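Trainee: Quick one: structure below, then a few questions.
The values are calculated or read from the model by the stated rules, or taken from the named source; none is laboratory data. In this text the structure is predicted, and so the values were computed from the model without any measurement. Here the Cβ is made from the backbone with ideal geometry for all residues, glycine too, and neighbour counts use every protein chain on show. Side chains included, ligands, DNA and RNA excluded: accessible areas come from the protein's heavy atoms. Shrake-Rupley method; radii C 1.70, N 1.55, O 1.52, S 1.80 Å.
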Amino acid sequence: MRDQILIAPSLLSADFTKLGQQVVACQEADADLLHLDIMDGRFVPNITFGPAIIAAVRKVTSLPLDCHLMIIEPERYLQTFREAGADWISVHAETCVHLHRTLEQIRALGAKAGIVLNPLTPLEYAFEAAPWADFVLLMSVNPGFGGQQFIPSVLQRIERLRNWLERSGLEIPIEVDGGITAATVADVVRAGASILVSGAGVFGGSSIAESIRALRQAAQR
Ligand code: DX5
Ligand code: ZN
């Protein structure tokens, strides 16, 4: 059976002058979770926001908050993000010296733990980490910025990972992040992903509700 499709608007592309309203608009448009991109200017060439914004978003929505940590040594901040309201916490393989321990720490805090792989990071990381992860996030752009082009070769990675998970009897959903729009989403779902992050695809149009509807519809094709 195909996993349930979850749409996760990435707040990176939201209008920060009216963040609260846009979060509420996502929830009213039946988004399934909210994706928050934390960048440190070291692991990725950009700096975004930290726990204060997570806490602010937490106050205006009941949606699960999916915090994508693009930071070096994420283990130093796990508790802070969890206390700020993160429900899902994902870490990049390259940022953790002790990945097993970090995933265990996330779970011990009561959050869902995810491992993130960049477009060319070997899938073996996901194979090894899968028993300690609640989801795997495959990047379909190089992390750091919203609004980039989807990298098509990632489709084969999604497929390989999906097949491997099925063969291993592990029911872990695959999340995909970067360049997902109504034009690319169908291929991503067909390849085996079920959690779809979209920034420009949700906030770049004239209506958040309309964009989410279009994404969901295109995902079913
Ligand atoms: C990129 C971030 C993404 C980004 C996606 O480093 O991890 O979550 O917001 O934005 P779009 O959907 O515009 O590519
Ligand atoms: Zn992200």
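Trainee: Provide the FRET efficiency to the nearest 0.05 for the Val24-Asn46 pair, computing r from the beta carbons and using R0 = 30 Å. Present the calculation step by step, with values, prior to reporting the outcome.
Mentor: On the way: r = 26 Å, r/R0 = 0.87.
Calculated value: 0.70.
Trainee: Follow-up question, since we're still on this one. Tell me the accessible surface of Phe150 in square angstrom (1.4 angstrom probe, heavy atoms of protein chains only), to the nearest ten.
Mentor: Taking all protein chains as shown, Phe150 has close to 30 Å².
Trainee: Note down the nm distance, to one decimal, between modelled labels 7 Å out along Cα→Cβ at His100 and at Leu170.
Mentor: According to this spin-label approximation, the distance is 1.4 nm.
Trainee: How much length is gained on full extension from Gln148 to Gln217, taking 0.36 nm per residue of separation minus their Cα-Cα distance? Walk me through the intermediate numbers first.
Mentor: Numbers: separation 69, 0.36 × 69 = 24.84 nm, distance 2.19 nm.
My answer for the length gained is 22.6 nm.
Trainee: In addition: With a point put 7 Å past each Cα toward its Cβ, work out how far Glu83 is from Ala55 in nm, to one decimal.
Mentor: Output for this residue pair reads 0.9 nm.
Trainee: Share of the range 1-135's accessible area from carbon and sulfur, percent, 1.4 Å? It would help to have the intermediate numbers written out before the result.
Mentor: Values: 3180 of 6160 Å².
Ligands and nucleic acids excluded, carbon and sulfur give 52 percent.
Trainee: Considering the dipole of the chain built from charges on the beta carbon (Lys and Arg +1, Asp and Glu -1) around the Cα centre, which of Ser153, Gln22, Ala55 is farthest to its positive end?
Mentor: Gln22
Trainee: Please compute the contact order of the range 6-219 in relative form: average sequence separation of alpha-carbon pairs under 8 Å and at least six residues apart, divided by the residue count, as a percent.
Mentor: Working: 438 pairs, mean separation 42.9, N = 214.
Over the range 6-219, the number comes to 20 percent.
Trainee: Here is a follow-up. I want to check the label-to-label distance for Glu210 and Asp3. Put each point 7 Å from Cα in the C-beta direction and report it in nm to one decimal.
Mentor: 3.1 nm
Trainee: So what does Ser211 come to for accessible area, using a 1.4 Å probe and Å² rounded to 10?
Mentor: 20 Å²
Trainee: With a 1.4 Å probe and every protein chain left in place, work out the accessible area per residue of the range 6-219 in Å², rounded to a whole number.
Mentor: Details: 9110 Å² over 214 residues.
Solvent-accessible surface per residue comes out at 43 Å².
Trainee: Accessible area of the range 140-188 with a 1.4 Å probe: how many percent of it is carbon plus sulfur? Don't skip to the answer; put the middle values down first.
Mentor: Details: 1150 of 2400 Å².
The value for the range 140-188 is 48 percent carbon and sulfur by accessible area.
Trainee: Using a 1.4 angstrom probe on the protein heavy atoms only, line up Leu165, Leu19, Leu12 by accessible area, largest first.
Mentor: Values: Leu165 0, Leu19 25, Leu12 45 Å².
So, going from the largest accessible area down, we get Leu12, Leu19, Leu165.
Trainee: For Leu120 and Phe16, FRET efficiency with R0 = 35 Å and r from the beta-carbon atoms, rounded to 0.05? Before the final figure, lay out each step's value.
Mentor: Working: r = 31 Å, r/R0 = 0.89.
Once the sixth-power term is evaluated, E becomes 0.65.
Trainee: In whole Å, how far is the Cα centre of the range 8-54 from that of the range 111-129?
Mentor: 22 Å
Trainee: Write down the percent of antiparallel bridges among all DSSP beta bridges whose residues are both part of the chain, to the nearest 5. Please list the in-between numbers first.
Mentor: Numbers: 1 of 32 bridges.
Close to 5 percent.
Trainee: Given the DSSP H assignment, sum -39500 (n - 2.57) over each helix run of at least 4 residues in the chain and divide by its residue total; what's the result at 222 nm in deg cm²/dmol, nearest 500? Don't skip to the end; give the middle numbers.
Mentor: Numbers: 9 runs with 81 residues, N = 221.
Helix-only estimate at 222 nm: -10500 deg cm²/dmol.
Trainee: Could you give me D for the chain, from Stokes-Einstein at 20 °C and 1.002 mPa s, where the hydrodynamic radius is the Kirkwood radius over C-alpha pairs? Units µm² s⁻¹, please.
Mentor: On the way: Rh = 17.1 Å.
Result for D is 126 µm²/s.
Trainee: Got a number for the accessible area of Arg82? Probe 1.4 Å, square angstrom, nearest 10.
Mentor: It works out to around 70 Å².
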